[in-house]
Amino acid sequence: MTELRQAALEILAMTDAQTKVGLVSQLFEDYQERRITLNSSEVLNQGGLDLPGRPSKPELIPPLQVPKRRMDTVEGRASLLHSLAHIEFNAINLALDAIWRFPNMPDQYYEDWLKVAKEESYHFTIVNEHIRSFGFTYGDFPAHNSLWEMVERTKDAVIARMALVPRTMEARGLDAVPMIRDRFKQIKELTAVEILEIILRDEVGHVAIGNHWFNFLCAKEGLSPISAYKDLARKYCAPKLRGPFNLEARRQAGFSEEELSLLGV
């Protein structure tokens with residue numbers, strides 16, 4: 001019988017975006033129906049797999065070289081949505097990586113990240129379908145790789161991964177998505193607005209999962225979450241957080257008032 005973490009590793013290595021999305025949905029369904037097992041204790045090896053699997057396009061360039069996205073042209077609007085599709089595709093990969101890479105976590109940890117992978121696959125699909133309505137598709141615009149670079153940096157420690165990917169890199173989406181949504185709202189692009197509302201709602205839950213498991217690991221190791229986060233951010237060179245911050249969404253995602261007060265707002 002297929003095993004969840006091994007399957008996640010194999011899907012992570014898939015290069016075709018549509019194939020990956022379909023396999024994630026099937027993996028979620030198979031696990032819900034108990035057609036696959038979960039072995040949380042096995043230490044898996046990526047072997048010769050090239051991770052993460054990604055298509056030949058988009059071209060990956062430094063963040064500062066990504067062109068500004070204008071809202072007054074169809075291409076500009078498609079490019080902005082493309083940046084979201086790229087984030088969602090990377091988020092599929094990071095959820096799959098969280099499943100296979102880290103052994104000896106509670107079963108709920110793997111189930112949580114499988115749910116994240118499924119929801120990120122849905123986000124990618126609906127964003128890319130909307131891009132296609134403009135005559136473009138995923139891969140047609142350049143993109144940057146900063147989210148996955150942090151995934152790579154934190155591959156040696158699950159506590160670092162939980163601290164610095166969902167609750168740092170992805171939490172920035174809680175701040176950014178409402179501003180992007182409002183730009184589309186101003187031009188009455190209501191389909192994009194609806195998509196962004198879905199993404200914001202689900203991303204609150206994804207960041208909450210990161211917060212839950214970070215706090216779980218801190219408690220297990222007798223660490224203060226505030227101090228541990230500062231130490232991990234310094235050790236792994238996390239980006240400095242800059243506002244404006246969506247404090248309400250961050251509260252919903254499980255950040256404490258003490259953590260929010262340290263944002264400097």
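Could you grab the pairs with beta carbons closer than 8 Å, sequence gap of 6+ or different chains, first residue in region 55-80 and under 16 Å from Thr137 (Cα atoms) and aliphatic (A, V, I, L, M), second one modelled with pLDDT under 80 and not in a helix (DSSP H, G or I)?
From residues that are under 16 Å from Thr137 (Cα atoms) and aliphatic (A, V, I, L, M), the pairs are Leu80/Arg69.
Residues that are more than 14 Å from the chain's Cα centre (by Cα), over 20 Å from Leu260 (Cα atoms) and not aromatic (Phe, Trp, Tyr): does region 197-204 have at least one? Before the answer, list the steps.
In the first step, residues of region 197-204 are kept if they are more than 14 Å from the chain's Cα centre (by Cα); the result is 197-198.
Still in the list and also over 20 Å from Leu260 (Cα atoms): 197-198.
Keeping just the survivors that are not aromatic (Phe, Trp, Tyr) gives 197-198.
Yes: region 197-204 contains one or more residues that are more than 14 Å from the chain's Cα centre (by Cα), over 20 Å from Leu260 (Cα atoms) and not aromatic (Phe, Trp, Tyr).
Could you pull out the residue among Lys230, Lys188 that is more than 16 Å from the chain's Cα centre (by Cα), among the basic types (Lys, Arg) and on the phi > 0 side of the Ramachandran plot?
Working: Lys230 fails: on the phi > 0 side of the Ramachandran plot.
Of Lys230, Lys188, the one residue that is more than 16 Å from the chain's Cα centre (by Cα), among the basic types (Lys, Arg) and on the phi > 0 side of the Ramachandran plot is Lys188.
Quick one: how many residues across region 51-72 are at pLDDT below 90 and either in a loop (DSSP other than H, G, I, E, B) or over 21 Å from the mean Cα position of the chain (by Cα) (or both)?
Residues flagged as at pLDDT below 90 and either in a loop (DSSP other than H, G, I, E, B) or over 21 Å from the mean Cα position of the chain (by Cα) (or both) within region 51-72 amount to 10.
Restricting attention to region 222-265, and to residues there that are aromatic (Phe, Trp, Tyr) and farther than 20 Å from Ile199 by Cβ, which single residue is surrounded by the fewest Cβ atoms within 10 Å (Cβ to Cβ)? Write out each step before concluding.
Of region 222-265, the ones aromatic (Phe, Trp, Tyr) are 229, 236, 245, 255.
Subsequent filtering for residues that are farther than 20 Å from Ile199 by Cβ retains 229, 236.
Values: Tyr229: 21, Tyr236: 17.
If we take residues in region 222-265 being aromatic (Phe, Trp, Tyr) and farther than 20 Å from Ile199 by Cβ, then Tyr236 is surrounded by the fewest Cβ atoms within 10 Å (Cβ to Cβ).
Every residue in region 133-158 that is among the β-branched types (Val, Ile, Thr) and either more than 21 Å from Pro63 (Cβ to Cβ) or touching a Phe, Trp or Tyr at 6+ places or on another chain (Cβ under 7 Å) (or both), please.
Correct list: Thr137, Thr154, Val158.
Pairs please, first residue from region 126-142 and acidic (Asp, Glu), second anywhere and assigned to a loop (DSSP other than H, G, I, E, B) and surrounded by 17 or more Cβ atoms within 10 Å (Cβ to Cβ), Cβ atoms under 9 Å, 6+ apart in sequence or on different chains.
Close Cβ pairs (under 9 Å, with a partner that is assigned to a loop (DSSP other than H, G, I, E, B) and surrounded by 17 or more Cβ atoms within 10 Å (Cβ to Cβ)) amount to Asp140/Pro58.
The values are calculated or read from the model by the stated rules, or taken from the named source; none is laboratory data. Just so you know, these numbers come straight off a predicted model, no measurement behind them. With ideal geometry, Cβ positions are generated from the backbone for all residues, glycine too; neighbour counts draw on all protein chains shown.
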